[in-house]
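Asker: Please see the structure below; I have some questions.
Taken together, the values in this text are just the output of simple stated rules run on the coordinates, not laboratory data. Only a predicted model underlies this, so the values are computations on that prediction, with no experimental measurement involved.
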Amino acid sequence: MKCPVNKAQSRRDISSLSKGRVLQMFKRVLLILAVTFFCGTLTTKAQVKESNKNPLMGLWQYADEKTLPDGKKTYIGKQIYKTITSDNRYFVVLGVNIPLKEADSDKTSMSTVTFMTQEGEIEFTSDNTYLEYINKHYLDKNLNNTISNLRFKFNEKNPNILYIEYNLGGNDESSWVSEVWLRVMPYGSK
């Protein structure tokens, strides 16, 4: 016996299936990010004592720094995260909001797709400089197997605010670009 098919119901099922797949993919990416971070930070007690050698260890969020009318600074977090592990590996993950139009409706909802943009290793060259070895850059293949020289300093009042500078290839100070990162999860937190 054949079941009657309701075309409107069938389209809604397909629409919810698409959203379900996007949600499932998003959950998998977040799970991969979490596993990567936690596997990288599992260490022995001896390694915990050595963690002072890597003050950048943890989960960081890229941010815009804005100055308020009263002169105070505020930070607006973006959907870009960098994980730096105890063995000096790093991973950058980007979240992108995409609109999803519901079938048989004018409604649109936003969903975030998350993916890894780059991975590599860091090597400290002084107390405020390090090299970033970009092993894989998933958005710009020209950056694969390249090295970036970075300068860094922590905010004087808050060590969970990090300023990073890198050179765009010029010979003077104006060729350095600054970024602000907020520590979301410091090393050893639970």
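Asker: Considering the range 92-186, what Rg and Dmax in Å follow from its alpha-carbon atoms?
Answerer: So, for the range 92-186, Rg and Dmax equal 18.1, 60 Å respectively.
Asker: Report the Stokes-Einstein translational diffusion coefficient (µm² s⁻¹, integer) for the range 60-105, Rh taken as the Kirkwood radius over Cα pairs, at 4 °C with viscosity 1.567 mPa s.
Answerer: Details: Rh = 13.8 Å.
For these conditions, the coefficient is 94 µm²/s.
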